[in-house]
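Each value in this text was obtained by applying a stated rule to the coordinates, not by laboratory testing. Bear in mind that the values here come from a model prediction, so they are computed numbers and not experimental data. Glycine gets a Cβ as well: all are built from the backbone with ideal geometry, and neighbour counts include every protein chain shown.
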Amino acid sequence: MILAPYISSKPELIDPSTIFVAEGAVIRGYVILHPYVNIWFNAVIRGDCDRIEIGPGTNIQDGAVLHTDPEFPLSIGSNVTVGHQATLHGCQVGDECIIGMGACILNGAKIGKNSIIGAHALIPEGREIPPKSLVVGVPGKVVRQLGESDIERIRQNAAHYVEYAQLYKQRTQSSEDTVTASRNIPDNA
């Protein structure tokens, strides 16, 4: 796991004791991780062009890529699941969403709260997805509105990953050591 500065920006972990970052993950530059965020194996989070902020209880799964462009920061709300190998680039994702495996969300796109972006869907630049939407396809299209049972499933999925991450932390000393080491990144690195 690599937590590293980029020029004068370095990752900020709010309440590091609650955060899990798996081996092989790379977090570089202007990145803010809120409590209970969990970053899984080989995810890459590059805050080298603009800010990336990940809300409480959100999970970034294996192989996901998060990046920005100048003037296109990336923000992810609370209790969001970003699936394996998804790509989020300079976009905004509201609270309690699922971004499916292999989905791609481009600069300036906005995903409304309580939405599901299906596996391998493409959300083009600047597209706005209303809250409570199920989106599939290339390009992504809203196919229906989500009901309360769908939204509860989103919440349960995020809660499951928070629990799973805490179990990983208990069972693997190395993850605790790497999060602790991140507090000691020198300001002039």
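Here are some notes:
- Length released on extending from V26 to E148, taking residue separation times 0.36 nm less the Cα-Cα span: 40.4 nm
- For A121, distant residues with modelled amide H under 5 Å away: A103, C104, G137
- Taking other C-beta atoms within 10 angstrom as a stand-in for reagent exposure, F41, F72 fall in the order F41, F72, fewest first.
- Residue-by-residue Karplus 3J(HN,Hα) for the range 109-115, coefficients 6.51, -1.76, 1.60, Hz, glycine and proline x: 6, 10, 9, x, 3, 6, 10
- Sequence-distant aspartates and glutamates (8 or more away, or on other chains) whose Cα lies within less than 15 Å of K169: D15, E23, D177
- Taking θ as phi - 60° and the Karplus parameters 6.51, -1.76 and 1.60, the scalar couplings of the range 83-90 work out to x, 3, 6, 6, 10, 10, 10, x Hz in sequence order, x denoting glycine and proline.
- Extension reserve of the A159-K141 stretch, reckoned as 0.36 nm per residue once the Cα distance is removed: 3.7 nm
- Global geometry of the range 1-107, whether rounded, prolate or oblate, following the gyration tensor of its Cα atoms and the 1.5 cut on a/c: rounded
- The range 17-91: GluC sites (Glu not before Pro) falling in loop per DSSP and having at most 14 other Cβ within 10 Å: E23, E71
- Which labelled figure in [x] 47, 36, 21; [y] 68, 46, 24; [z] 58, 38, 32 is Cα extents along the principal axes in Å, once derived from the coordinates: [x]
- Cα-based helix-to-principal-axis angle, 148-171 vs the chain, degrees rounded to 10: 20 degrees
- Sum of -39500 (n - 2.57) over DSSP H runs of 4+, divided by residues of the chain (222 nm, nearest 500): -6000 deg cm²/dmol
- Inter-label distance, D62 to Y168: 1.0 nm, where each label sits 7 Å from its Cα along the C-beta direction.
- Compared with the dominant Cα axis of the chain, that is its longest principal axis, helix 173-182 is turned about 80°.
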